[in-house]
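First the structure, in the form of structure tokens, and then the observations on it.
The values are calculated or read from the model by the stated rules, or taken from the named source; none is laboratory data. Just so it is clear, the model here is predicted, and its values are computed rather than measured. Cβ atoms come from the backbone with ideal geometry, glycine included; neighbour counts cover every protein chain shown.
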Amino acid sequence: MEKKDIMVDVNNVSMRFNLGIERGFSLKQGVIDFFNPSKRKKKKQKNQNEFWALKKVEFEVNKGEVIGFIGSNGAGKSTLLKVVAGVMKPTKGSVKAYGNICPMIELGAGFDPQLTARENIYLNGAVMGYSKELIDSKFQEIVDFSELKDFLDVPVQNFSSGMVARLAFSIATIVDPEILIVDEILSVGDIAFQAKSEAKMRSMISGGTTVLFVSHSIEQIKKLCDKVVWLEHGEIQKIGGKNICDEYVKFMQGK
């Protein structure tokens, strides 16, 4: 069997967070705590209270593969995608991506709410690394796909969450990236737009785009993905075919 090209290599990745249970530091509080031994001891204990969102995660994604990530809430799925996308740096381990990445993780995060939809198309496009010339050439395509022609000169702060998602998705998908990272995007917007988004993603997949996809919809995972990674408490439980979805469902039903 011919070996495929590796597009994403996740090697022994762990991600640690501070639980953030301490109050914000101030000079005044620091002086008070310095002269209070019990406070110092308590603070030391709190500093040791860490949360590992990911623990020694390893997998590879080959060119053209569509890999789905499943797991309970808080399993580490979204954190893992952010690490792969380069939004977060892992505490331990490394991630190598061999191709340009389009992360659709938090749609609309790069928008300025006080600017109009028209202005945000250029702003968000620039944030994603698109040139003005490219956005100019794709502008009408973005507008048509988002179906927001009548709202181009309305500030985004007046948009519903569904309208924001439609605009952001339309901008993010004007080019076919080599690696597409998707976090629950197909569940935003109305039913018609969800179907439209799924069709667009299928088109990108058929064009050879490598996809990392998180969804709580097991049916979507089964429909779209070749390989499934099951995460719980930051650790990989199993990696395999679509049958992993059935095992996960049984696990959840037994909880």
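Across segment 229-255, which residue is farthest from E60 (Cα to Cα) among those that are aliphatic (A, V, I, L, M) and over 16 Å from the mean Cα position of the chain (by Cα)?
Filtering segment 229-255 down to residues aliphatic (A, V, I, L, M) leaves 229, 231, 236, 239, 244, 249, 252.
Retained after the next criterion (residues that are over 16 Å from the mean Cα position of the chain (by Cα)): 236, 239, 244, 249, 252.
Working: I236: 13, I239: 11, I244: 17, V249: 24, M252: 26 Å.
Of everything passing the filter in segment 229-255, M252 is farthest from E60 (Cα to Cα).
Quick check, is D153 touching a helix residue (DSSP H, G or I) at 6+ places or on another chain (Cβ under 8 Å), exposed (fewer than 13 other Cβ atoms within 10 Å of the Cβ) and at pLDDT 95 or above? Give the derivation first.
On the way: touching a helix residue (DSSP H, G or I) at 6+ places or on another chain (Cβ under 8 Å): yes; exposed (fewer than 13 other Cβ atoms within 10 Å of the Cβ): yes; at pLDDT 95 or above: yes.
When the stated conditions are applied, D153 passes them.
Looking across segment 87-96 at every residue that is touching a residue at least 60 places away in the same chain (Cβ under 8 Å) and part of a loop (DSSP other than H, G, I, E, B), the one that is surrounded by the most Cβ atoms within 10 Å (Cβ to Cβ) is identified as P90.
Would you pick out the residues in segment 225-247 that are in contact with a helix residue (DSSP H, G or I) (Cβ under 7 Å, 6 or more places away or on another chain) and either without any contact (Cβ under 8 Å) to a residue 60 or more places away in the chain or in a helix (DSSP H, G or I) (or both)? Even if it seems obvious, please write down each step before you answer.
Just the residues of segment 225-247 that are in contact with a helix residue (DSSP H, G or I) (Cβ under 7 Å, 6 or more places away or on another chain), to begin with: 228, 230-231, 238, 242, 245.
Result: K238, K242, C245.
Only one of the numbered conditions (1) surrounded by 14 or more Cβ atoms within 10 Å (Cβ to Cβ); (2) assigned by TED's automatic domain parsing to the domain that holds I239; (3) at pLDDT 85 or above is violated by F145, and that is (2). Restricting the first member to segment 132-150 and to residues that are over 13 Å from R166 (Cα atoms), and the second to residues that are of a type in the set (V, I, T) and surrounded by 11 or more Cβ atoms within 10 Å (Cβ to Cβ), the beta-carbon pairs closer than 7 Å and six or more apart or on different chains are I135/I121; K138/I174; F139/I121.
Among the conditions (1) closer than 30 Å to Q253 by Cα; (2) surrounded by fewer than 20 Cβ atoms within 10 Å (Cβ to Cβ); (3) not aliphatic (A, V, I, L, M), the only one that G99 does not satisfy is (1).
E50 meets each of the listed conditions (1) more than 30 Å from D226 (Cα to Cα); (2) in contact with a helix residue (DSSP H, G or I) (Cβ under 8 Å, 6 or more places away or on another chain); (3) modelled with pLDDT under 95 apart from (2). All conditions in (1) in the same structural domain as I70 (by TED's automatic domain parsing); (2) touching a residue at least 60 places away in the same chain (Cβ under 8 Å) hold for S203, with the sole exception of (2). For segment 140-188, taking the residues that are part of a loop (DSSP other than H, G, I, E, B) and of a type in the set (V, I, T), the one that is farthest from V211 (Cα to Cα) is identified as V154. Can you tell which of G125, G110, G71 is within 14 Å of T173 (Cα to Cα), of a type outside the set (K, R), surrounded by 14 or more Cβ atoms within 10 Å (Cβ to Cβ) and in contact with a helix residue (DSSP H, G or I) (Cβ under 8 Å, 6 or more places away or on another chain)? Every option except G125 fails the conditions.
Just to be sure, is I218 within 24 Å of L54 (Cα to Cα) and of a type in the set (A, V, I, L, M, F, W, C)?
Values: within 24 Å of L54 (Cα to Cα): yes; of a type in the set (A, V, I, L, M, F, W, C): yes.
Yes; evaluated as a whole, the condition is true for this residue.
Taken together, the residues in segment 49-78 that are among the hydrophobic types (A, V, I, L, M, F, W, C) and either closer than 19 Å to K223 by Cα or within 16 Å of the chain's Cα centre (by Cα) (or both) amount to 8. Among residues of segment 108-119 that are touching a residue at least 24 places away in the same chain (Cβ under 8 Å) and basic (K, R), those with a Cβ under 8 angstrom from a residue that is surrounded by fewer than 16 Cβ atoms within 10 Å (Cβ to Cβ) and part of a loop (DSSP other than H, G, I, E, B), sequence gap 6+ or separate chain, pair up as R118/D153.
Can you confirm whether F213 is in a helix (DSSP H, G or I) and among the aromatic types (F, W, Y)? Please lay out each step first, then the result.
Values: in a helix (DSSP H, G or I): no; among the aromatic types (F, W, Y): yes.
It is false that F213 is in a helix (DSSP H, G or I) and among the aromatic types (F, W, Y).
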